[in-house]
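Since every read-out is calculated from the coordinates, none of them should be taken as a lab result. Because the structure is a prediction, the values reported are computed rather than measured. Positions of Cβ are backbone-derived with ideal geometry, glycine not excepted, and every protein chain shown enters the neighbour counts.
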Amino acid sequence: MLRHQSNYKILDLIGQGQFGKVFAAVELNSGALVALKELKTKQLSTSSFLRELTFLVTLDHFNLVTCKALEHGQNQRYIVMDYCEGGTLRTLLNNSIPLTLNQSLKLVIDILSGLKFAHEQGIIHRDLKPENILLKTSDRSYTAHIADFGIAKLKQEVDSQNILGNTGSPAYMAPEQFYGEYSYNCDLYGVGIILYELVTGNRPFSGMPKELLAAHLSQAVKISSDIPLLLRLAISKSLEKLPSRRYQTAAEMLESLELVQAILEVDPNPQTPIRVKSNFADLVPADQSILDAPISHLAIPSRRQSLSATEQVYLVSGDRLVIQRHQNPNLSREIVADREITLNQSIQSLQFSSTGCLITTVSSLYYLSQDNNLHPFPTESNQLIATIDPQGFWLGVAHNSENSGKFRVEIYKLPDCQLQRSLIRDRVCQSAIALDSRYGLGIHQTQPQNTTFQLFNRRGNLLANFNVQIRLDSIIYHPLFPYRLLATEVDNPNMVILITLKKFHLKRISLEIAPMVMQPCPQGYLISDRQGKMIILDEYGECIGRFKIPLSSEFEVTAIAASTSELLVASASLSRSQLQRFSAKHLLIADSYI
């Protein structure tokens, strides 16, 4: 536990190392996210603690996880470090999609850049492995950062005594390291194993520690001829059995791999690969019709979010909101309504809660309650951002105030729409998401390639900042999967990003379609391109269904919605629109890859 007057608030456990736990925490003064590495007093002596702290303070480099501060708790000590939202390199290696050669070289070059700096300070890491390489997200890729200097040693230390008997991880140890001998190129041998694993998908040797020792000492490394010759030579040199025959410095190995990258004309900012898959399964519509009016939004609220005892379909066409009974949606040429609402502007979005529906136009806001009353909200500008709590306790609105350059944030209590708080903020977010009855999230671009998430409570108080160096768009929230978001990456058209907020983590998911419409569905997330190819992802971002709908070349998908029983798809051409209905039992089609 942290002391009462601590500058940090622990959010969640994110990992466990051999010397203690690692937590995600918020710096209370700034709201910035940090990692707190707990160092257990009983397992780590004061000298060992001071050793790692000294190393971290000394190692100020972009590709090294650096120390920001020291924090004391009751019977515990914590090192405050940079937070790496991309997880570990091991997590990335375990992804179902293999990394490209571009990505593999980029990550190893990052590792060598950090290692070069550490070696220049006289520090040998001694435990380089994917679990100790942390990732940060960047435009179209990741950056690698070396962590965990718990058993590092200084070059001038000539004794072979190990800290708590640790010498490294057998799968990544140089042969001589098994006997307590170490040098700079012991680290380079570990980098060579990592490079081999990144390029081939497997380690060169496997087995128990004794088997690994024998393999490292005498077993030849086999490298596929499919790997470019220059890269094969670089891997072979880094994995030589005799230290004198390996790269002698990180600078030498770094220069060699940068040359490989240049000669192979590898993009230094690679995109994540796209999976090659079998054909999409065809769906046959149960009903379809050509409509005179285009449909821009579709929604089938869950039963707990529906404003009726029976499920309903919501269709938006321009300034019209049409509500139909779900059991018998009318697919005639005209959109026939059980209830219709016409507003004075085109409808921009619908958001549902267990108590009503929030309707947003360019500069107006309405709340449609369960008793079918339409409640308008006062607005002050055409820069309107609004969000509603899925559980139906509150909604938030941000718009221009009278003071130029500032924005007013208002929090309303539901279902009676009573104003609870009104605050002035210096800047407004581009979008906002109410997460639950207590918390919301503001999202805005701080720089051309940065996206910032600001966590706030329903009192309007800012609690934490989460910053990533990616331009995100089309961010959606699924109430069934709390504290998870799905977004598209602006500069990577075949990519979606799954964002976990509690242990703030980003997972890139490559698709063979360019996402144009994304919606929550009972199974997870439904994603469609313009031509009607669709993918269903579960809550963890795994593909569980892939199909395509029949669509003429002149039509493009404009809206989708799914329930437990059916899928609705709206599409449009220059002069016509189309609405199709499919049975949901055909949606979960086994995902098969070539």
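Key figures for this structure:
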| read-out | value |
| --- | --- |
| Relative contact order for the stretch 89-263, counting Cα pairs under 8 Å that sit 6 or more residues apart, in percent | 25 percent |
| Least to most buried among 125, 72 (fewest other Cβ within 10 Å first) | 72, 125 |
| Residue-by-residue Karplus 3J(HN,Hα) for the stretch 573-584, coefficients 6.51, -1.76, 1.60, Hz, glycine and proline x | 10, 5, 10, 9, 9, 9, 10, 10, 10, 10, 6, 5 |
| Packing-based order for 220-226, 128-134, 341-347, 293-299, using average beta carbon neighbours within 10 Å, highest first | 128-134, 293-299, 341-347, 220-226 |
| Centre separation in Å (Cα based) which lies between the stretch 170-245 and the stretch 361-375 | 65 Å |
| Cross-link pairs 116/502; 136/533; 503/533; 37/507; 37/136; 106/507 - those with Cα-Cα distance over 25 Å | 116/502; 136/533; 503/533 |
| Relative exposure of 437, 244, judged by other C-beta atoms within 10 Å (fewest first) | 244, 437 |
| Whichever aspartates and glutamates have a C-alpha closer than 15 Å to that of residue 129, once near sequence neighbours (fewer than 8 apart) are set aside | 110, 148, 187, 197 |
| Exposure proxy order (Cβ contacts within 10 Å, fewest to most) of 85, 556, 120 | 120, 556, 85 |
| Within the stretch 89-263: Cβ-based charge dipole about Cα centre, in debye rounded to nearest 20 (Lys, Arg +1; Asp, Glu -1) | 320 debye |
| Full-stretch length increase - residue 418, residue 220 - with 0.36 nm per residue and alpha-carbon distance subtracted | 63.9 nm |
| Distant-in-sequence amide H partners of residue 561 (H built 1.01 Å from N, under 5 Å) | 568 |
